[in-house]
Every structure is written in C-alpha cells, then in structure tokens.
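First up is the structure itself, then whatever we jot down about it.
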Amino acid sequence: MRPVLIGGSARLPFLLVLFGILGGAETFGLIGLFIGPALMTILVVLWTDWVRS
C-alpha cells in the first residue's frame, strides 16, 4: 500500500505514512487516502530542506 500511495522515491517512516493516510481520510474522506500521504510527503521534504539550510 505504501509505494502505491506515495511512490518509491519518498522515504517516509511508516508512522508518518500512517498518520498521513488516517488524517487525510478523516479530513477529506475517500480522496484523502491519496491526498493525506501526498501532503505529508510535501511537508517532510520542505521541513528537511528548511532544516538543512
């Protein structure tokens, strides 16, 4: 399920993927199963870029 929802290139820990799926499903319904992990991936990438710079 994890590679299908967020792709193989994103290396997110399992708990972040789980929170993204559950939070997206709770907020947006069925479409949130796909939007939640995508938003979580974007936030993690932005956070790591901000911390490194």
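Full extension of the chain between V45 and T27 gives 4.3 nm of extra length, using 0.36 nm per residue less the Cα-Cα distance. When V17, V45 are sorted by how many other C-beta atoms sit within 10 angstrom of their C-beta, beginning with the fewest, the order is V45, V17.
Any read-out appearing in this document is the output of simple, stated calculations on the displayed coordinates, not a laboratory observation. Since the structure is predicted, the reported quantities are computational estimates derived from the model, not experimental observations. Here Cβ is always computed from backbone atoms with ideal geometry, including for glycine, and neighbour counts include all displayed protein chains.
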